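Reviewing the structure listed below.
The values are calculated or read from the model by the stated rules, or taken from the named source; none is laboratory data. In this text, all values refer to a predicted model and were calculated from it rather than measured experimentally. Here the Cβ is made from the backbone with ideal geometry for all residues, glycine too, and neighbour counts use every protein chain on show. Surface accessibility is based on the protein's heavy atoms, side chains included, excluding ligands, DNA and RNA. Shrake-Rupley method; radii C 1.70, N 1.55, O 1.52, S 1.80 Å.
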Amino acid sequence: MSVERLLSHIARALKIPVLALAIVALVAVFAEVGSLVVDIARRRRRSLHRMETQLAIAQKALAVGDTAKALAAMRAIALTPDMAAVLTDIVNQLSLPQADERIAKRLADYEYRHLRRLERTRVLVRFGPALGLMGTLIPLSPALAGLAHGTVSALSSNLQVAFSVTVTGLLVGALAFSVSLIRDRLYGQDYSDVQYVAATLTGSHTATDEPVHLPAASETTT
């Protein structure tokens, strides 16, 4: 068997897996769009005034040792369960040794979780068009063979599959790119809010006048 025929058989064997993966990618990107709608709805109540009000309540509570009230204020600030968890961790670390380093680590982990979430749609941005191209080229071989033998039905059927997968792949890529852009902005704002809360609480809880150094978003974002 020649190399050309071997590659032809391999390409034909990939037809069904590529079509199945295109469908899976389409379902996945629609799921990500639905998740993005939920994320946007949660952030509609974001307000700097409300955050600063709750921060003041938390500062007063921590000053008198009322951790429960401070945690309640953090839950009022949080826009997502993940944000609530990291804000709770920040309050719990304030009274421990090396609080600055502990808080900085939790801020970094919080951002890494966001980056891991963004990776899903960023992969689909490349994966969708790649599947679309593969799904276009694979049926062209039998389509051309049908054309050579005068089998119009085979030509029409394979071309229909090829163009359908192309459209599906481009749709997956376009939607995934849009979701990635919007989520990047949302997560950047979330990190800015959490960093502001951490800096404010740490500054008010520190007995010395030394500045608190927390990682900026640009230092950990690649």
Practice problem: Would you work out if the range 1-126 is rounded, prolate or oblate? Take a ≥ b ≥ c from the square roots of the eigenvalues of the alpha-carbon gyration tensor; rounded if a/c is under 1.5, else prolate when a/b is larger than b/c, oblate otherwise. | Solution: prolate
Quiz item: Mean residue ellipticity at 222 nm from the helices of the chain, using -39,500 (n - 2.57) per DSSP H segment of n ≥ 4 over the full residue count, to the nearest 500 deg cm²/dmol?
Solution: -29000 deg cm²/dmol
Exercise. Please list, in chain and number order, the residues 5+ apart from residue 80 or on another chain whose amide H is under 5 Å from its amide H, with Hs placed from the backbone.
Key: none
Quiz item: For the chain, modelled as a Gaussian network with Cα springs under 10 Å, which listed residue fluctuates most, 53, 166, 202?
Solution: 53
Quiz item: From the backbone phi of the range 46-52, what are the Karplus-calculated ³J(HN,Hα) couplings (6.51 cos²θ - 1.76 cosθ + 1.60, θ = phi - 60°) in whole Hz, Gly and Pro given as x?
Solution: 5, 8, 5, 5, 5, 5, 5
Quiz prompt | Straight-distance crosslink candidates among lysines, where the alpha carbon sits under 30 Å from residue 60 and sequence neighbours closer than 8 are dropped | solution = 69, 105
Exercise. Provide the solvent-accessible area of residue 101, counting protein heavy atoms only and rolling a 1.4 Å probe, rounded to the nearest 10 Å².
Key: 110 Å²
Exercise. Would you kindly find the accessible area of residue 105, with a 1.4 Å probe and non-protein molecules such as ligands, DNA and RNA excluded, rounding to the nearest 10 Å²?
Key: 110 Å²
Quiz item: Given the C-alpha centroids of the range 5-31 and the range 88-118, what is the distance between them in whole angstrom?
Solution: 41 Å
Quiz prompt | Among 83, 110, 40 - extreme Cα towards positive end, dipole of the range 1-146, charges at beta-carbon | solution = 40
Quiz item: Which whole-Hz couplings ³J(HN,Hα) result when phi for each residue of the range 122-128 is put into the Karplus expression 6.51 cos²θ - 1.76 cosθ + 1.60, θ = phi - 60°, listed in order with x for Gly and Pro?
Solution: 5, 5, 5, 4, 8, 5, x
Quiz item: When only C-alpha pairs under 8 Å and at least 6 residues apart count, what is the relative contact order of the chain, in percent?
Solution: 26 percent
Quiz item: How big, on average over all directions, is the shadow cast by the Cα convex hull of the chain, in nm²?
Solution: 16.6 nm²
